[in-house]
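See below for the structure under consideration.
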Amino acid sequence: MDKHEVRTLFYTGLVLVTFLTALLFSLRVKNIDLPDCVPYSEIYTQPKVVQLDDSTYQVFAIAQMWNFEPSEIFIPVGAEVDFYLTTKDVVHGFHISEKNVNMMAVYGGINKKTVKFDRPGIYPIICHEYCGSGHQHMRAEVIVNYPTN
Ligand code: CUA
């Protein structure tokens, strides 16, 4: 085998091991979890916020050119929120600032991520997948503003 081939194989293997180590580090040490995929049969067509109890909420979010619905989500401090996400048209992104949420909205599919909001504040949601001429206008907010009992 040529020495350049050996060198190429070595560096390819090194990159592969580095990526796998970073992935395992994220999952095990940083406790980063991946979004869930919900079956197609549970598709919804209306955006809504559902309160299950004092500190548990479900948000059924819909992305479309070029906004998110609901655009304002009011929840109390300490709330745990299941975000469900789908789109009416093209692929959109769904990033919640400070919360390490990074989902894609895919037509015909639903992604789900659970997030806990321990501190009051306004958490912007932005679209971080280029989706057309109005992409930069796609924003929403999670407003965490009052304590639970
Ligand atoms: Cu939606 Cu970019």
Average accessible area per residue (Å²) across the chain - probe 1.4 Å, nucleic acids and ligands excluded: 63
Label-point gap, in nm, between Lys48 and Tyr130 - each point 7 angstrom along Cα→Cβ: 3.7
Met104-Asn145 FRET efficiency (beta carbon distance; Förster radius 41 Å; 0.05 resolution): 0.90
Computed over the chain: relative contact order in percent, which uses C-alpha pairs under 8 Å that are six or more apart: 23
For the stretch 52-66, 3J(HN,Hα) per residue [Karplus equation, 6.51 cos²θ - 1.76 cosθ + 1.60, θ = phi - 60°, Hz, x = Gly/Pro]: 8, 7, 4, 10, 10, 10, 10, 10, 9, 9, 10, 9, 7, 5, 9
For Val101, residues with placed amide H under 5 Å, excluding near neighbours: Ile96
Amide proton proximity set for Phe83, modelled H, under 5 Å, gap of 5+: Val59, Lys113, Thr114, Val115
Helix 3-28 vs. the chain, principal-axis angle (Cα, 0 to 90°, nearest 10): 30
Cut-off 16 Å (backbone N to label point 7 Å along Cα→Cβ of His95), residues of the stretch 118-149: 123-132, 135-142
Normalised contact order of the stretch 95-149, rounded percent, pairs of Cα under 8 Å and 6 or more residues apart: 34
Carbon plus sulfur fraction of accessible area for the chain, probe 1.4 Å, in percent: 57
Where Rh is the Kirkwood radius over Cα pairs, Rg/Rh for the chain: 1.12
Per-residue ³J(HN,Hα) for the stretch 70-76, Karplus 6.51 cos²θ - 1.76 cosθ + 1.60, θ = phi - 60°, Hz, x for Gly and Pro: x, 8, 10, 10, 9, 9, x
Rounded to whole Hz, the Karplus (6.51, -1.76, 1.60) HN-Hα couplings of the stretch 82-93, x for glycine and proline: 8, 8, 9, 9, 8, 9, 8, 9, 8, 6, 10, x
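The values are calculated or read from the model by the stated rules, or taken from the named source; none is laboratory data. Just so it is clear, the model here is predicted, and its values are computed rather than measured. Please note: Cβ atoms are built from the backbone with ideal geometry, for glycine as well, and neighbour counts cover all protein chains shown. Note: areas computed on protein heavy atoms with side chains; ligands, DNA, RNA excluded. Shrake-Rupley method; radii C 1.70, N 1.55, O 1.52, S 1.80 Å.
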